[in-house]
Amino acid sequence: MRIGMVGTGYVGLVSGVCFAEFGHTVICVDKDASKVERLKNGEVPIFEPGLDALLKRQIDSGRIEFTTDIEKAVKGCDAVFIAVGTPSRRYCRDADLSYVYGAAREIAQNLDGYTVVVNKSTVPVGTGREVEDIIRAENPDADFDVASNPEFLREGAAIDDFMRPDRVVVGTSSERAQEVMRAVYRPLFINETPILFTKRETAEVIKYAGNAFLATKITFINEIADLCEQVGADVQQVAKGIGLDGRIGRKFLHAGPGYGGSCFPKDTLALTRAGQKYGAPQRIVEAVVSVNEDRKSRMADKIISAANGDVRGKTIGVLGVAFKPNTDDMRDAPALTIIPVLQQAGAKIVAYDPEAMATAKPLMDGVAWGNDAYSAAKGADILVILTEWNEFRALDLKRIRDDMAGRIIVDLRNVYKPEDMRTLGVDYISIGREAVYADASDNVLKASA
Ligand code: NAD
């Protein structure tokens, strides 16, 4: 199979490299010439574990190429995937589809022979139809179908997710297109991965419904965590207690500072917009969006409260700024809400992230950056764990405590155990669990407050 991949971001690059690994010939095109240059040299412009080795292998195999020339990426292909960004529009909830429409127009002009144009970008229901109309208007003689093939990979585990997905969803009613898509995913078919063929609209709704459901699960446990804090319960045990029920499941029940990232915030917003547009309000997801937004700023308040309500002139060390571990993606990261509130309250921030500092620096004014967790903690009055990178899970806490100017640790990811922190002799505030105060009399005082 010859496959064109339009857009080489997180999804396009991972998909392209993995399709080459399947044995297909892949031509990836991107508008960003510097990105294409780096990729041609085997350099991965994002942080994604395992991607660099796989990319090098596929460049050596000759099965993957990178170009800025859309004609080269489309002509002669059996399938051309659209994997461009669909961010939220700035002042409304809609997904910005201008990149998808632009890609559709460019593809249309270069189609020759029967081609399946496959929408891998996450798009509102009805976009497949619009892409088809655009291509038809641009090139009335083109022989093509438009299919929807939403992507479910997670940044940080993208290659494994792509190579061993829970399922593949393909939305098209055309048998010809189904046959091409079966050939594209044949290696997974052999592995007995469930491949779900649906109508195009169904596939489009599956993607938004899936992300909205996961965002709801996270938001649900976050609110339960708030209750746990008030009544002396432990949210991690609650999550385990409900998650062992097979109908609920244990995943996505980790209480934290609110979801962020490149998908959940924009996709939940776009789903609520679609609900309004089609007269089917998505009230649960509307509540999820607003609870989650509110939560991020409340996390800043939680940190300020841990310092008795005043962080003026205080230094706050922040461990992790990426929206989750194993990625350098900063899109909608909670850090982007929390840190500015702390700065406005008068705190000085010293942050460290293993991979996301280069992406984060242009987005965060006035932040000083450490070289590692210890340098971010050194001299800090308060230490905040904001992203649960593995390297923050086994810190030398005695060294951290001794190097800090203060003794307050706020763990927004529940990485550590309250009982260990009691032994360490620090104030330890986490999510949905008992707070620990170094001065035992504080425990009594604050418990009775
Ligand atoms: P991204 O912003 O990282 O990459 C998009 C790329 O497309 C950029 O490199 C951009 O230069 C390029 N581009 C834009 N218009 C182009 C054009 N006309 N021709 C060639 N290149 C063009 O985006 P992403 O994170 O890879 O997301 C892509 C889509 O996949 C989005 O709709 C997103 O919602 C969806 N998705 C993302 C993830 C994820 O984890 N990032 C997971 C599942 C689905």
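The values are calculated or read from the model by the stated rules, or taken from the named source; none is laboratory data. Worth saying up front: this structure is predicted, and the values here are computed from it rather than measured. Glycine gets a Cβ as well: all are built from the backbone with ideal geometry, and neighbour counts include every protein chain shown. Surface areas here come from the heavy atoms of the whole protein model, side chains and all, with no ligands, DNA or RNA. Shrake-Rupley method; radii C 1.70, N 1.55, O 1.52, S 1.80 Å.
Of the strands (runs of 3 or more DSSP E) that lie entirely inside segment 1-91, those containing 1 or more residues that are within 12 Å of the ligand (Cβ to nearest atom) and under 23 Å from the mean Cα position of the chain (by Cα) span 2-6, 25-29, 79-82.
So that you can scan it fast, the table gives a plain yes or no per residue for (1) out of contact with any Ser or Thr (no Cβ under 8 Å at 6 or more places or on another chain); (2) closer than 24 Å to Ala394 by Cβ; (3) in contact (Cβ under 8 Å) with a residue 40 or more places away in the chain:
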site: Ile304; (1), (2), (3): yes, no, yes
site: Asp310; (1), (2), (3): yes, no, no
site: Pro325; (1), (2), (3): no, yes, yes
site: Val341; (1), (2), (3): no, no, yes
site: Gly346; (1), (2), (3): yes, no, no
site: Thr359; (1), (2), (3): yes, no, no
site: Asn371; (1), (2), (3): yes, yes, no
site: Ser375; (1), (2), (3): yes, yes, no
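Here is a list: Ala280, Ala300, Ala335, Ala306. Which entry is closer than 25 Å to Ala373 by Cβ and more than 24 Å from the chain's Cα centre (by Cα)? Exactly one residue qualifies, and that residue is Ala306. With respect to Ile135, determine if the residue is open to solvent by 10 Å² or more (accessible area, probe 1.4 Å), free of Cβ contacts under 8 Å to residues at least 60 places away in the same chain and on the phi < 0 side of the Ramachandran plot. Criteria not met by Ile135. Among the candidates Val238, Val180, Val169, the residue that is away from the ligand (no atom under 15 Å from the Cβ), outside any loop (DSSP other than H, G, I, E, B), under 23 Å from Val84 (Cβ atoms) and in contact (Cβ under 8 Å) with a residue 12 or more places away in the chain is uniquely Val180.
All of Gly50, Gly23, Gly76, Gly42 fail the test of being among the small types (Gly, Ala, Ser) and in contact with a Leu (Cβ under 9 Å, 6 or more places away or on another chain), apart from Gly42. So for segment 95-103 (the condition being modelled with pLDDT of 95 or more and part of a strand (DSSP E or B)), does at least one residue qualify? No, every residue in segment 95-103 fails to be modelled with pLDDT of 95 or more and part of a strand (DSSP E or B).
Of the helices (runs of 4 or more DSSP H) that lie entirely inside segment 335-449, those containing 2 or more residues that are within 24 Å of Gly258 (Cβ to Cβ) span 335-344, 357-360, 373-377, 418-424.
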